[in-house]
Amino acid sequence: MSDFENLKNYTILYVEDEKESVELIQTLLKTKIKTIFVAYDGVEGLELYKKHLPDIVISDIQMPNMNGIEMAKEIKKLNPKQNIIFITAFNENNLLLEAINLGIDKYIIKPILSLESLLNPIDTICKVLSYDTKLKIEERIEAMELILKTISHHWRQPLNLLSLESSAMLFNLETDNTSKEKLTKELTEIVHTTQALSLMIDDFITMFSSSISTHTKNFSLIETVENAIEILENEIISNNITIINHTKEIFMNQNQILFEQIILNLLTNSIEAIIENQEDIEKRYILIETKKGENKDFIFSILDSGKGIDELIKDKIFEPYFSRKKVHSGSGMGLFITNKILKNQFNTELSTQNEVFMVEDKKLYGAKMSVHFFNIQ
């Protein structure tokens, strides 16, 4: 028998109108569950749910004021992924069928004859929750690593410049080979460089904010794409991936760091898809393209030879923490981050489609990630 140790990390809302049943089940659960909230009808249960947001809801079906199914419908409106277990009698088949159609996770048949029959379905859900939590932590670490890689790239050159300028100033001071004007100029350059680094940190802090970043400037799309490719150069070369860059010279008045982060995430997604799915190293390609529109807009796209996205999971790849196993989205978190930046800072979003394309007489197949940018000037 399982020791049910996993249960102690989770909270449960138990909704039941029969006080004797409440006392019995509460007694059985309290030695294993972290916290139990108890309600005696659906109305009270819904209020406690809104207040405490428990991990699992366990509810009787037949209750006064609001029955379990009505309560579950309201809970699912608030959180479609909420885990719900119904306790039901044998003669409630019609109601149980309605509950199943609603999307409940488990059901327990009355009378509850053993502790195991009560705890087993709860334990199953808690194991899934535990796995999801571990996955979320892993994906957050991956996202942080990608962002830190971008920050380090942008900081390296200014820091080298600061080091060189400081060393030159010290040398000139020691050799009396300087003037007040020259020293003032050099110190001013150092101040400007440190201010730029400070603004860069602000950009990353506001990356996931819903407010529009104010740190905009006019920058070259070609230069930004080349910077992103340079950051990922080791991964690209070591995995025998060929980048074909057909980016057109377009100037944007936007936040360059956030735009580069978008490109980095999309390239990383493509690299991971190719590594996982394209075994033939002679067919490992990423094609980067831009297509100008009639107005101040353009479409930026990255097409890879990673054999495309399975139609069964196509609608899920932009969800946060979607599993990376056998999925084109790579980390899952990367595409979620990308879409969040695009919506918050650029008022647009990603689109995707599978596509056949030709490179050097090679017929390739993969996923194309596209973004339509408007009002580029």
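The values are calculated or read from the model by the stated rules, or taken from the named source; none is laboratory data. Keep in mind it's a predicted model, so treat the numbers as computed, not measured. With ideal geometry, Cβ positions are generated from the backbone for all residues, glycine too; neighbour counts draw on all protein chains shown. These accessible areas exclude ligands, DNA and RNA; they are computed on the full protein's heavy atoms, side chains included. Shrake-Rupley method; radii C 1.70, N 1.55, O 1.52, S 1.80 Å.
Could you tell me whether segment 137-159 includes any residue that is among the polar types (S, T, N, Q) and at pLDDT 75 or above?
The first filter runs over segment 137-159 and keeps only residues among the polar types (S, T, N, Q), leaving 150, 152, 157.
Pick out the ones that are also at pLDDT 75 or above and you get none.
Within segment 137-159, not a single residue is among the polar types (S, T, N, Q) and at pLDDT 75 or above.
Please find, among Glu360, Glu349, the residue that is at pLDDT 75 or above, open to solvent by 50 Å² or more (accessible area, probe 1.4 Å) and touching a helix residue (DSSP H, G or I) at 6+ places or on another chain (Cβ under 6 Å). Steps first, answer last, please.
On the way: Glu360 fails: touching a helix residue (DSSP H, G or I) at 6+ places or on another chain (Cβ under 6 Å).
When all the criteria are applied, what remains is Glu349.
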Q) So is Ala89 under 22 Å from Leu119 (Cβ atoms) and at pLDDT 90 or above or not? A) no
Q: Mind counting the residues in segment 363-377 that are open to solvent by 30 Å² or more (accessible area, probe 1.4 Å) and either over 25 Å from the mean Cα position of the chain (by Cα) or at pLDDT 90 or above (or both)?
A: 6
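With Ser305, Ser329, Ser323 as the choices, which residue is small (Gly, Ala, Ser) and modelled with pLDDT of 90 or more?
Numbers: Ser329 fails: modelled with pLDDT of 90 or more; Ser323 fails: modelled with pLDDT of 90 or more.
Answer to the check: Ser305.
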(Q) Quick check on segment 243-258: of everything there that is open to solvent by less than 60 Å² (accessible area, probe 1.4 Å) and without any contact (Cβ under 8 Å) to a residue 60 or more places away in the chain, which residue is farthest from Asn344 (Cα to Cα)? (A) Ile243
(Q) If a residue counts only when it is of a type in the set (Phe, Trp, Tyr), which strands (runs of 3 or more DSSP E) contained entirely in segment 223-325 have at least 1 such residues? (A) 251-254, 285-292, 297-304
Q.
Give me the residue from segment 121-135 that is open to solvent by 30 Å² or more (accessible area, probe 1.4 Å) and at pLDDT 75 or above and, out of that set, nearest to Tyr107 (Cα to Cα).
A. Thr124
Q. Out of (1) at pLDDT 85 or above; (2) surrounded by fewer than 21 Cβ atoms within 10 Å (Cβ to Cβ), what's the single condition that is false for Gly293?
A. (1)
**Q.** Inter-residue pairs, beta-carbon under 6 Å, first in contact (Cβ under 8 Å) with a residue 24 or more places away in the chain and in segment 259-286, second open to solvent by 40 Å² or more (accessible area, probe 1.4 Å) and of a type in the set (Asp, Glu), 6+ apart
**A.** Ile271/Glu235
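Could you please find all residues in segment 47-68 being among the hydrophobic types (A, V, I, L, M, F, W, C), under 19 Å from Thr88 (Cβ atoms) and either open to solvent by 10 Å² or more (accessible area, probe 1.4 Å) or in contact with an Asp or Glu (Cβ under 9 Å, 6 or more places away or on another chain) (or both)? Don't jump to the end; show me each part of the working.
Keep residues of segment 47-68 that are among the hydrophobic types (A, V, I, L, M, F, W, C), which gives 48, 53, 56-58, 61, 63, 66.
If we keep only those that are under 19 Å from Thr88 (Cβ atoms) too, we end up with 56-58, 61, 63, 66.
Across segment 47-68, the qualifying residues are Ile56, Ile58, Ile61, Met63, Met66.
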Q: All but one of (1) over 22 Å from Lys110 (Cβ atoms); (2) more than 32 Å from the chain's Cα centre (by Cα) hold for Gly68, so report the exception by its number.
A: (1)
Q | Of residues in segment 267-278 being modelled with pLDDT under 90 and under 22 Å from Phe346 (Cα atoms), the one least open to solvent (accessible area, probe 1.4 Å) | A | Asn269
